[in-house]
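Asker: One structure is given below, represented as structure tokens, and several questions about it will come after.
The values are calculated or read from the model by the stated rules, or taken from the named source; none is laboratory data. All values derive from a computational prediction rather than experimental measurement. Note that each Cβ is placed from the backbone with ideal geometry, even for glycine, and that neighbours are counted across all protein chains shown. Areas reflect the complete protein model, heavy atoms only, side chains present, ligands, DNA and RNA absent. Shrake-Rupley method; radii C 1.70, N 1.55, O 1.52, S 1.80 Å.
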Amino acid sequence: MSKSVSHIIQALSALSLIAWIVLSPRVGATETSRFSAQELENQQANWTPQDVVIDRSHDTEAGVLFVLDNPTTRTHAFEAPGVLEQIVAGNREVITRPLRVTVAPGETVEVRVRFAQGEANSETQCAEGASCYRFYCPLHRGDNDPGGTIRVIY
């Protein structure tokens, strides 16, 4: 076999490996969902996007990271009943608590979360094999605040 054919085979092998790494599911990788606070009329606010789908069918052990951006001039909060914030305590123990995060003006907060399947919102229409969780800004929630929905597929 000539040197040039050998180099071509090595290059194709390297490209195949790179394609496999890029295209294969990332076991243990953290899925990230980004939300942004938005000002509305009449001193109301909401978080966008208002409909988020998170696929947990491949790897339920990996964490989910919420990135909460507040580009506005007011403090907002992100609350999602049934979603639990994971916090690493001083002794390296992971504790969970209901998700309610306050985000100051111009601040970005990252929060690792997990979903309590038994606490999904039963009022929200959700496909079989999925759980739905409502989210909203509890500080500025008006009567006409539509909030949003997180759909978790298992």
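Asker: Suppose we keep only residues that are surrounded by 13 or more Cβ atoms within 10 Å (Cβ to Cβ) and β-branched (Val, Ile, Thr) within region 60-90. Which one would you say is nearest to Arg112 (Cα to Cα)?
Answerer: Val64
Asker: May I pose another question? From the residues in region 91-119 that are assigned to a loop (DSSP other than H, G, I, E, B) and farther than 23 Å from Glu41 by Cα, which one is most open to solvent (accessible area, probe 1.4 Å)? Don't jump to the end; show me each part of the working.
Answerer: Just the residues of region 91-119 that are assigned to a loop (DSSP other than H, G, I, E, B), to begin with: 91-93, 104-107, 116.
If we keep only those that are farther than 23 Å from Glu41 by Cα too, we end up with 91-93, 116.
Values: Asn91: 106, Arg92: 196, Glu93: 98, Ala116: 14 Å².
By that ranking, first place goes to Arg92.
Asker: What number of residues within region 36-59 satisfy the criterion of being modelled with pLDDT under 85 and either surrounded by fewer than 12 Cβ atoms within 10 Å (Cβ to Cβ) or under 23 Å from Glu128 (Cα atoms) (or both)?
Answerer: Residues flagged as modelled with pLDDT under 85 and either surrounded by fewer than 12 Cβ atoms within 10 Å (Cβ to Cβ) or under 23 Å from Glu128 (Cα atoms) (or both) within region 36-59 amount to 7.
Asker: Is it the case that region 130-139 has a residue that's open to solvent by less than 20 Å² (accessible area, probe 1.4 Å), in a loop (DSSP other than H, G, I, E, B) and at pLDDT 80 or above?
Answerer: Yes.
Asker: Moving to a separate point now. Across region 71-90, what is the total count of residues that are more than 16 Å from the chain's Cα centre (by Cα) and either not aliphatic (A, V, I, L, M) or not in a strand (DSSP E or B) (or both)?
Answerer: 8
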